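**Student:** Structure below; questions to follow.
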Amino acid sequence: MFSKTKRIEAELDELINIHDQGCGFGDPDALKEHERKIDLLKHKQIQEVSKSNNRIAVFNIVIALVNAGILIYQVFYSK
């Protein structure tokens, strides 16, 4: 099963490839709708990357707090 990011990338590639094949849009509204779908998928892709970055940042903060706790223990309680 694909992860959410991979699925979004696949959908985005599929929509972009329509332009590469030279397929035209007879209706201007159809072109606008197609571009909106591409923009929406790009936005979803950015959101997924942001979520991943936030998780990494929280994990780093937890590691820093554990390290600070160990340092405090070593300074004040070990002899």
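The values are calculated or read from the model by the stated rules, or taken from the named source; none is laboratory data. The shown structure was predicted, so the numbers you read here are calculated from the model rather than taken from an experiment. Cβ coordinates were reconstructed from backbone atoms using ideal geometry, including for glycine residues, and neighbour counts include every protein chain displayed. SASA here: full protein model, heavy atoms, side chains in, ligands and nucleic acids out. Shrake-Rupley method; radii C 1.70, N 1.55, O 1.52, S 1.80 Å.
**Student:** Would you point out which residue out of 48, 33 is assigned to a helix (DSSP H, G or I) and in contact with a Ser or Thr (Cβ under 6 Å, 6 or more places away or on another chain)?
**Tutor:** The match here is 48.
**Student:** Ok, one more. For residues in the range 1-33 being modelled with pLDDT under 75 and within 18 Å of the chain's Cα centre (by Cα), which is most open to solvent (accessible area, probe 1.4 Å)?
**Tutor:** Out of the qualifying residues, it is 1.
**Student:** Report, by residue number, each residue of the range 41-58 that is surrounded by 11 or more Cβ atoms within 10 Å (Cβ to Cβ) and of a type in the set (D, E, K, R).
**Tutor:** Answer for the range 41-58, where residues must be surrounded by 11 or more Cβ atoms within 10 Å (Cβ to Cβ) and of a type in the set (D, E, K, R): 42, 44, 48, 51.
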